[in-house]
1. Using the Kirkwood radius built from alpha carbon pairs, what does the Stokes-Einstein equation give as D for region 90-163 at 4 °C and 1.567 mPa s, in µm² per second?
2. Only sites in a loop by DSSP and with at most 13 other Cβ atoms within 10 Å count here; which trypsin sites (Lys or Arg not before Pro) in region 73-115 make the cut?
3. Report the label-to-label distance for E67 and E150 in nanometres (one decimal), using points 7 Å from each Cα along the Cα→Cβ vector.
4. So how far apart, in nm, are the two label points at L104 and W117 if each is 7 Å from Cα heading toward Cβ?
5. For region 93-108, list residues with backbone N below 17 Å from a point placed 7 Å from the Cα of K80 toward its Cβ?
6. Describe numerically, in nm with one decimal, the distance between label points set 7 Å from Cα along Cα→Cβ at F130 and at L158.
7. Calculated FRET efficiency, E90 and L37, Cβ-Cβ r, R0 25 Å, to nearest 0.05?
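Bear in mind these aren't lab numbers, they're just calculated from the coordinates by the rules spelled out. The structure presented is a predicted model; accordingly, all values stated were derived computationally and were not measured. No Cβ is skipped: glycine too gets one built from the backbone with ideal geometry, and neighbour counts run over all protein chains shown.
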Amino acid sequence: MRLWLLRHLAGLCLAVAALAVVLSAAPAHAVQPDEMLADPALEARARDISAGLRCLVCQNESIDASEADLARDLRLLVRKRLVAGDSDQEVVDYMVARYGEFVLLRPRFDWQTLALWGTPVVVLCAGAGFAFLSWRGRRRQTGPSSLSPEEAARVEALLRSGE
């Protein structure tokens, strides 16, 4: 009887632990009920937009998931712009104009982002090319050199004197 009870308690503990892990891995949404819009379509648009905007305090979290005061202000601003009739792109453009490109979790592709992401690749390729050319140049220089007739005679003489 005790063994049966222990087995069931162990199984229950494992189930509770697994449930805790699953619930902790669920995405956090910090949107408060007083922030939500009455129109479900507008609220869904606001959630989509805020999921792509970075919290400027947390920096690695969307404003939708952040509980920072600034994130709350940004969520309210997004909803205010949507209620005013802005399109999704106009809201995002407004936020970028106000806070800079850093506010986007997924930055737009332009020359600056190309330079940012392409520079390490260019530097790595240049370094590999320089290493290859220097290795190739050293290999050519370190090849066996032939002795002049005078040097060969001197080596021969030194070898005979050592005998």
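1. Numbers: Rh = 18.6 Å.
Using the Kirkwood radius from Cα pairs, D works out to 70 µm²/s.
2. R108
3. Simple spin-label model gives 8.8 nm for this pair.
4. Label at L104, label at W117, 1.1 nm between them.
5. Those under the cut-off are 93-100.
6. About 3.8 nm separates the two model spin labels.
7. Once rounded, the FRET efficiency stands at 0.90.
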